[in-house]
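Have a look at the structure below, then the notes.
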Amino acid sequence: MRHDTTRRRSGPAALLTVIATAAFALILAFAGAAPANAASSPSPSPSSSAAQSIQVWIRKASDRSDVPGVKVTVSQGSFSQTVTSGDDGKALVPVPAAGTYKVDLDASSVPEGAGTVPTGLNPRQVVVSAGNQGVPAYYILVAPGGGATPTPGASGGASSGAGGGGSGADSGASLFDLIAPRIVTGLIFGLLLALASIGVSLIYGTTGLNNFAHGELVTFGALMGYVFSAVLGLPGVVAIIAATVLGGVFGYVQDLGLWRPLRRRGVALVPLMIVSIGLSLALRYLFQFIFGADQLVLPADNRAAFILGPVRLRSTDIISAVICIVLLLLVAFVLLRTRIGKATRAVSDNRSLAAASGIDVERVIRTVWVGAGSLAGLAGVLIGYYQSLRWDTGASILLLIFAAVTLGGFGTAFGALVGSLVIGVITDVSTVFIPNNLKYVAALVVLIAILLVRPQGILGKASRIG
Amino acid sequence: MDFSFLLLALGQIISPQTIAYALAALGLAVQFGFTGLLNFGQAGFMAIGGYAFAITTLHLGFPFWLAVLATLVATTVMALVLGIPTLRLRADYLAIVTIAAAEIVRYVVKTPDLIPLTGGSDGLNGAAVTFDALNPIPPGSYGFGPLRYDENDLWIILVGWIFVILVALLVRQLMKSPWGRVIKGIREDEDAVRSLGKNVFSYKMQSLILGGALGGLATIINIIPTSLQPDNYGTQTTFFLLTIILLGGATTVFGPLVGAIVFWIVLSLADGFLSLAVQYHWLPITTIQQGPVRFIIVGVALMLIVIFRPSGLIGKKREAFFA
Amino acid sequence: MPDTTTERAALIEGAPAPGVKKTDPIVVADGVQRTFGGVHAVDVDHVEIPRGAITALIGPNGAGKTTFFNLLTGFDKPNHGSWSFDGKPIGGVPAYKVARRGMIRTFQLTKALSMLSVMENMRLGAQEQPGENIARALVPALWRGREQQITERAQDLLARFKLDTKADDFAASLSGGQRKLLEMARALMSDPTMIMLDEPMAGVNPALTQSLLHHILDLKATGMTVLFVEHDMHVVREIADWVIVMAEGRIVAEGYPDQVMSDQAVIDAYLGSHHDTDLGDLSEEQQAELLDETQAEVEREEERNDG
């Protein structure tokens, strides 16, 4: 019996330690590698001692081709610098200090026929935090006459002028150019989703709860990352580890303070689901109450560190992807090989049978909450690096998480992984074909379509549905 | 110190917003409270219905009744599209599909490419013309104190409340009939009802259509005095409705009405007190921080009701939806 | 109430064997297969259920009895197979239509509708109530008359099952045995030709068992066909006219009760050698095995209910 109590304590804590250590080791390994990558990249990065920079990038709306030779002025107070976009349509402007800069595109310098900047987007204010590299100031030039103007001839001329980027003339290649980078970013996004989805799947598997407050675990991690890196000014490594550990603690506290008492009361699944909805609302707006409603930015180097054909990745993308892959392998190892992992799968499979065969179900559930919380926290901070973060970052991807979990088959952790990758790629690739703001719609439509043809999901067992 | 917000809170009892939420909540109660269908996308039904009304009125020049008919058609189509694949599946699938569908509706109507049709993020204005044209009330200002209503406000409030009460009586009649018996049986155990020779799928579909239609009609009442804003029909709206029916009692017909009134009075009072508290620095918070507080209140209230008083304010204890 | 030899002889053509032809079958099933994750839960080549008799379906846990029940009544879909009821094929017919054709079932885990009154439960069992249509429901004049008839029939049945004093109580307030009675009475509201009882005695206290047995025999007396799943061999011996034995999804034996019961091979091979032993006498391993089997059965039941 005494054995039991010690094991009971060690389960969640041990898991948390393992996850955190893995994340830590990885980041250390990458801390050295990333700058080397950046230096070896062919991207025109003027060596400068400035710790901050703004990345200007000018493209045409019609075929996304880069526009060279455009003058842009970046100014703040006494600081003012004018740059001209290079062959890749880009110009990097080092800035001396954090703050808000005015970025002004000189309309008269735009080549004939390349189009104009939509009104309201020029000049614009760009917020640069301390240490931010390559803060985006991207311009999309719209052809004046609408659909009639971008004739193939005109765009061919422009891209041949661009020299290096001159693949725009061939429509087949340009479709590849459009899709390839989105497949890569989609996969990275899918990996991030997977970190969050596996938690949803495990919680559903072990407790039957569809946790609508899981998005808030993700947001919590993102915000903790923000607090440690942007507010306290600690290195990104510390922020990521803090988000992971505190996420696990948050999961543990949630289970201890709310879900376990409700399980003890024998509250049914539907009311539990509604409680999670209430919790989600309350937490989400508590985050807004504390952190405000604006976008928050994690200090990071946003310059491309790796370029392969049309694919450009930032060092944060690469580090995130590797962290995700290693942690997902770790999760797989834990689930397949360790005692607690086997117990978790047994409980997911059949709770009463597991309990009857001597598995401490409560301990398994507690461990799952800790694991789910820390994975979600890690997903949150990495998503913060991937795009930006806000009080409702997690809530906005909750349905994508559900879509991933449903797609893969409820309650199967590996299904959640596959589902996440599919959803990530669909979300990003869909922007080639439909307006950008409808990208989540594509994923949700796929969710509904999957339920039509294969309700048990890709990897779910048919017998799970009656 | 300005306490006029107390009266304004009282005004919530009859405001068109309260009427609309009462009607949409009644629809959700038919689906969720009586039939046991987890429709987490009632806001989507509300949006579809509202857009059908506004678009047919503004772009096609439909007369009022025809635009109402368009609303009913639109919500019915949505119920069929969502129900056919999911009503045979496990209950939580319907929840996820409906919530996803509601978000799809909101994203699509907001997309810039559809601005000529839907107005994008700004929504649609002026759909009230056909309804106001029917107004027999002479122009003027009615009411007392800070509660002033012009003839059009009064017209929608009158018609709205009469309509809601009629619908509530209708739903009560339905629930007391053999049809309601089958519906309640499905909530308890659909296999048992199936084994007694009832077409459970068809009844669930009827319930989904009826509840969704009430959601669509609710939006008409909501947008007539204001305008159609897509972001008013996000997931939080569904969760407000869920709070309302659980507050009033999910398995009663008049619970959603009482719930809607209490809900908006409490929110309005909370907003008022909070404004005062901020103004006189009783609380260390800013005006901007005031905004999220009402949502925190709703979230916490929703949890507390489900945990501690699942039968709602007027529901009988043993009729609690969650046994 | 043992049957006379002549009655018995009338049941079958030829010697008792799995899949033997009946003189007047009401259900005929052919090649019915249902697999769960690669395991054949049901794999029945041919079986006939005799009309107007009480047939018991027995077998160890996990033998596929409940799954077979679910298939016959349309609550589950087979991988393949066909079967007919009263001469008409009903394979692939949805459960509610099977019920309307006169084949009504009950459930192993009683499905009384707890938040409805006992009387409302009974009324729900009736057919042809025009008020169950949403449009007609709004005009009480169209369904009041029929409701009156239904209520009278319900009162008769409740009196027969000694539940009349409970008519206005919530079904939730009934005891386990009373719920079984209510479920059976409710099934009778539609005057079915065949009634399928899934473990009618499970969880019923001994005092009620005898009265339940009488009710089942009464059903036969009124010309109804009864098929029931049961574990208690005393019950089977007492009321069944015919016994079908299932194991691992197959029908492994058929026969008259005393023959099947006394067939040591059947007992050992298909009922398990421990069918009459107390759970306490079993080794831990055996207990775990039994638990597994029960669990599998319950799980299958739960899966059914999820859908």
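Values quoted throughout were computed directly from the atomic coordinates according to the rules given, and no laboratory measurement underlies them. Please read these numbers as outputs of a predicted model, since none were measured by experiment. Reconstructed Cβ throughout: ideal geometry from the backbone, glycine too, with neighbour counts over all protein chains shown.
In terms of modelled amide H atoms, which long-range or inter-chain residues lie less than 5 Å from the amide H of residue C:22?
The list, which skips near neighbours in sequence, is C:13.
Under the rule of at least 5 residues apart or a separate chain, name every residue whose amide H is placed under 5 Å from the amide H of residue A:95.
Those lying under 5 Å, H to H, from residue A:95 are A:52, A:53, A:54.
Fewest to most neighbouring Cβ within 10 Å: what's the order for B:64, A:433?
Fewest-to-most ranking of B:64, A:433: A:433, B:64.
Per-residue Cβ counts within 10 Å, from other chains only, averaged over B:105-114: what number is that?
Counting other chains' Cβ atoms within 10 Å and averaging over B:105-114 gives 3.
Report, as an integer, the average count of C-beta atoms from other chains found within 10 Å of each Cβ along B:305-311.
4
Residue by residue through the stretch B:44-57, which ³J(HN,Hα) values in whole Hz follow from phi under the Karplus form 6.51 cos²θ - 1.76 cosθ + 1.60 (θ = phi - 60°), with glycine and proline marked x?
Coupling constants for the stretch B:44-57: x, 4, 4, 5, 4, x, x, 5, 4, 5, 5, 5, 5, 6 Hz.
If the elastic network links every pair of Cα atoms under 10 Å, which of B:80, B:196, B:174 fluctuates the most in the Gaussian network model of chain B?
B:196
Using packing as a proxy for protection, rank A:90-100, C:80-90 so that the peptide with the highest average count of other Cβ atoms within 10 Å comes first.
Ranking, from highest mean packing down: A:90-100, C:80-90.
So what's the gap between the Cα centers of the stretch B:22-72 and the stretch B:257-300, to the nearest angstrom?
28
Where does chain B land on Rg(C-alpha)/(2.2 N^0.38 Å)?
1.01
Over the Cα atoms of the stretch C:113-173, what radius of gyration and what Dmax do you get, in Å?
That works out to 12.2, 36 Å for Rg and Dmax.
Give the peptides B:100-108, A:261-269 in descending order of average Cβ contacts within 10 Å, highest first.
B:100-108, A:261-269
Can you give the extra length, in nm with one decimal, that the chain gains between residue C:39 and residue C:237 once fully stretched, where that is 0.36 nm per residue apart less the Cα-Cα distance?
So the chain would gain 68.2 nm between residue C:39 and residue C:237.
Once a ≥ b ≥ c are taken as the square roots of the eigenvalues of the Cα gyration tensor of the stretch B:150-245, is the result rounded (a/c under 1.5), prolate (a/b larger than b/c) or oblate (a/b not larger than b/c)?
It comes out prolate by the Cα gyration axes.
Apply 1/(1 + (r/R0)^6) to the Cβ-Cβ distance of residue B:73 and residue A:129, taking R0 = 56 Å, and write down the FRET efficiency to the nearest 0.05.
0.60
Compare the Cα positions of B:58, B:279, B:238 along the charge dipole of the protein assembly as shown (+1 at Cβ of Lys, Arg; -1 at Cβ of Asp, Glu; about the Cα centre) and return the one farthest towards the positive end.
Positive-end residue among those listed: B:279.
Would you mind telling me the antiparallel percentage of the DSSP bridges in the protein assembly as shown, rounded to 5?
Antiparallel bridges: around 70 percent, rounded to the nearest 5.
Return the inverse of the average 1/r over all pairs of distinct C-alpha atoms in the protein assembly as shown, which is the Kirkwood hydrodynamic radius, in Å to one decimal.
When all Cα pairs of the protein assembly as shown are included, the Kirkwood radius is 32.9 Å.
Considering amide H positions built from the backbone, and no H for Pro or chain starts, which residues 5 or more places from residue B:142, or on another chain, come under 5 Å of its amide H?
Those qualifying (amide H under 5 Å, at least 5 residues apart or on another chain) are B:149, B:150.
Among rounded, prolate and oblate, which fits the stretch B:120-203 when a ≥ b ≥ c are the square roots of the eigenvalues of its C-alpha gyration tensor, a/c under 1.5 means rounded, and a/b larger than b/c means prolate?
Prolate shape, in that a/c is at least 1.5 and a/b is the bigger ratio.
For the stretch B:1-143, with equal point scatterers placed on the C-alpha atoms only and solvent neglected, what are the log10 I(q)/I(0) values from the Debye formula at q = 0.13, 0.21, 0.22 1/Å, to two decimals?
These q points yield log10 I(q)/I(0) values of -0.74, -1.30, -1.35.
Can you sort A:209, A:281, A:335 by how many other beta carbons sit within 10 Å, fewest first?
A:335, A:209, A:281
What is the projected area of the convex hull of the Cα atoms of the stretch A:208-361, averaged over all directions, in nm²?
Its Cα hull, projected and averaged over all orientations, spans 12.2 nm².
Hey, could you get me the Stokes-Einstein D for the stretch A:52-129, Kirkwood radius over alpha-carbon pairs, 10 °C and 1.306 mPa s, rounded to whole µm² s⁻¹?
Result for D is 124 µm²/s.
What is the fewest-to-most order of C:115, C:201 by other Cβ atoms lying within 10 Å of their Cβ?
Ordered by Cβ neighbours within 10 Å, fewest first: C:115, C:201.
What is the magnitude of the charge dipole of the protein assembly as shown about its Cα centre, with +1 placed on the Cβ of each Lys and Arg, -1 on the Cβ of each Asp and Glu, and no other charges, expressed in debye to the nearest 20?
1800
From the Cα gyration tensor of the stretch B:255-313, with a ≥ b ≥ c the square roots of its eigenvalues, which class applies: rounded if a/c is under 1.5, or else prolate if a/b is larger than b/c, or else oblate?
Cα axes put the stretch B:255-313 in the prolate bin.
Of the peptides A:360-371, C:216-227, C:247-258, B:212-223, how do they stack up when ordered by the mean number of other Cβ atoms within 10 Å, highest first?
By packing density, highest mean first, the sequence is B:212-223, A:360-371, C:247-258, C:216-227.
Can you pull the mean other chain C-beta count within 10 Å for peptide C:98-109?
Taking all residues of C:98-109 together, the mean is 3.
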